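Input: a single structure, listed below in structure tokens.
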Amino acid sequence: MKCWQALSAAVALMLTVPGVAAAQTVSAQSPETLAESLKSAGYGVTSGTDDLGDPVLDLDMEGYKARLLFLDCDPASHDRCGSVQFFAAFDAEGPGLSAADAVLFARRYRYASVTVNANGDPVLRWDIETGEGIPTPVFQSSAARFLSTLRAMGTMLFPSAPAG
């Protein structure tokens, strides 16, 4: 019983210390929280802005190049974003990916949105609604799943490439 009382007191104290509770969540409203979360998970992160002036993070995810796009941002101030999207484009060799293969891939990797251009080059998108904030481990898990999906697409497009 005393263990639970001590644990409850510790949690209550953490929630009253400024910044402690906030550090446990990430949000598109605070791009720096997402950047730090990705860095602490071992990914390379470079902050910038896109063509509209919204935040963007350029990512190196174990050799795969990706971006974290910030969406639903205030159109005038380019802040107070509501969601993010992992984005990666592949330049496929040969005929690339057919539309039917893209559908099959999306069925297997349920969180990924897959589109292909006329050359069969696939683009992966992965949306995450963050609102006021989501737990950091949930976001890092999403990033890891996105990386797993990137690897699967890479293996599908380049089966003879050496494993990374």
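The values are calculated or read from the model by the stated rules, or taken from the named source; none is laboratory data. What you see is a predicted model; the values in this text were computed from it and never measured. With ideal geometry, Cβ positions are generated from the backbone for all residues, glycine too; neighbour counts draw on all protein chains shown.
Looking across the stretch 135-154, the residues that are buried (at least 17 other Cβ atoms within 10 Å of the Cβ) and either over 9 Å from the mean Cα position of the chain (by Cα) or within 21 Å of Phe90 (Cα to Cα) (or both) come down to Thr136, Ser142, Ala143, Phe146, Leu147, Thr149, Leu150, Met153, Gly154.
Among the residues of the stretch 95-134, which ones are within 15 Å of the chain's Cα centre (by Cα), under 25 Å from Asp74 (Cα atoms) and part of a loop (DSSP other than H, G, I, E, B)? Those that are within 15 Å of the chain's Cα centre (by Cα), under 25 Å from Asp74 (Cα atoms) and part of a loop (DSSP other than H, G, I, E, B): Thr130, Gly131, Gly133.
Count, please, the residues in the stretch 56-83 that happen to be of a type in the set (Ser, Thr, Tyr) and loosely packed, with under 15 Cβ neighbours inside 10 Å.
Of the residues in the stretch 56-83, 1 are of a type in the set (Ser, Thr, Tyr) and loosely packed, with under 15 Cβ neighbours inside 10 Å.
Among residues of the stretch 102-116 that are of a type in the set (Lys, Arg), those with a Cβ under 9 angstrom from a residue that is assigned to a helix (DSSP H, G or I), sequence gap 6+ or separate chain, pair up as Arg108/Ala152. Within the stretch 93-119, the set of residues being among the aliphatic types (A, V, I, L, M) and out of contact with any strand residue (DSSP E or B) (no Cβ under 7 Å at 6 or more places or on another chain) comprises Ala100, Val103, Leu104, Ala118. Determine, yes or no, whether Gly53 is within 15 Å of Trp126 (Cα to Cα) and surrounded by fewer than 18 Cβ atoms within 10 Å (Cβ to Cβ). Here the answer is no, as Gly53 does not meet what is asked.
Within the stretch 76-94, the residues that satisfy the criterion of being farther than 15 Å from Thr49 by Cβ and over 23 Å from the mean Cα position of the chain (by Cα) are Glu93, Gly94. With respect to the stated conditions, Leu147 fails to be part of a loop (DSSP other than H, G, I, E, B), of a type in the set (A, V, I, L, M) and in contact (Cβ under 8 Å) with a residue 12 or more places away in the chain. Is it the case, given these coordinates, that Arg80 is among the charged types (D, E, K, R) and closer than 21 Å to Ser27 by Cβ? Yes; evaluated as a whole, the condition is true for this residue.
Checking each residue in the stretch 50-78 for being in a loop (DSSP other than H, G, I, E, B), among the aliphatic types (A, V, I, L, M) and either in contact with a strand residue (DSSP E or B) (Cβ under 7 Å, 6 or more places away or on another chain) or free of Cβ contacts under 8 Å to residues at least 12 places away in the same chain (or both) picks out only Ala76. Out of Ala92, Ala41, Ala99, one residue alone is touching a Gly at 6+ places or on another chain (Cβ under 7 Å) and either under 21 Å from Thr149 (Cβ atoms) or not small (Gly, Ala, Ser) (or both). It is Ala92.
Regarding Val138, is this residue free of Cβ contacts under 8 Å to residues at least 24 places away in the same chain and not in a loop (DSSP other than H, G, I, E, B)? Step through it out loud before you land on a result.
Values: free of Cβ contacts under 8 Å to residues at least 24 places away in the same chain: yes; not in a loop (DSSP other than H, G, I, E, B): yes.
So Val138 fits the description; yes.
Just one residue in the set Ala12, Ala41, Ala28, Ala22 is surrounded by 12 or more Cβ atoms within 10 Å (Cβ to Cβ), at pLDDT below 95 and small (Gly, Ala, Ser); that residue is Ala22. Of the residues Phe86, Phe158, Phe90, which single one is surrounded by 19 or more Cβ atoms within 10 Å (Cβ to Cβ) and more than 22 Å from Lys39 (Cα to Cα)? The unique qualifying residue is Phe90.
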